[in-house]
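Report on one structure; see the data block that follows.
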Amino acid sequence: MATNPHATTNRDTIVGSIDSAGSSDVDEYVIADISADDAWLSMQAEAAPTLTAWR
């Protein structure tokens, strides 16, 4: 059976947050699937798309 790695189920938990600047001067926007190991990405918070842009 083929599976789609991009499909979500009701067990998947996707979250997003701003990681405040620590060692660098730039805040990071992080999106993560906390139901899977190493399933995350980040970008500079200033470069993150707005919700309006996602529609």
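The values are calculated or read from the model by the stated rules, or taken from the named source; none is laboratory data. In this text the structure is predicted, and so the values were computed from the model without any measurement. Every residue, glycine as well, gets a Cβ built from its backbone with ideal geometry; the counts of neighbours run over all protein chains shown. These accessible areas exclude ligands, DNA and RNA; they are computed on the full protein's heavy atoms, side chains included. Shrake-Rupley method; radii C 1.70, N 1.55, O 1.52, S 1.80 Å.
If you scan region 37-46, which residues turn out to be open to solvent by less than 70 Å² (accessible area, probe 1.4 Å) and without any contact (Cβ under 8 Å) to a residue 12 or more places away in the chain? Across region 37-46, the qualifying residue is only Ala39. Just give me the residues in region 3-33 being exposed (fewer than 10 other Cβ atoms within 10 Å of the Cβ), of a type in the set (Gly, Ala, Ser) and modelled with pLDDT under 85, in sequence order. Across region 3-33, the qualifying residues are Ala7, Gly22, Ser23, Ser24.
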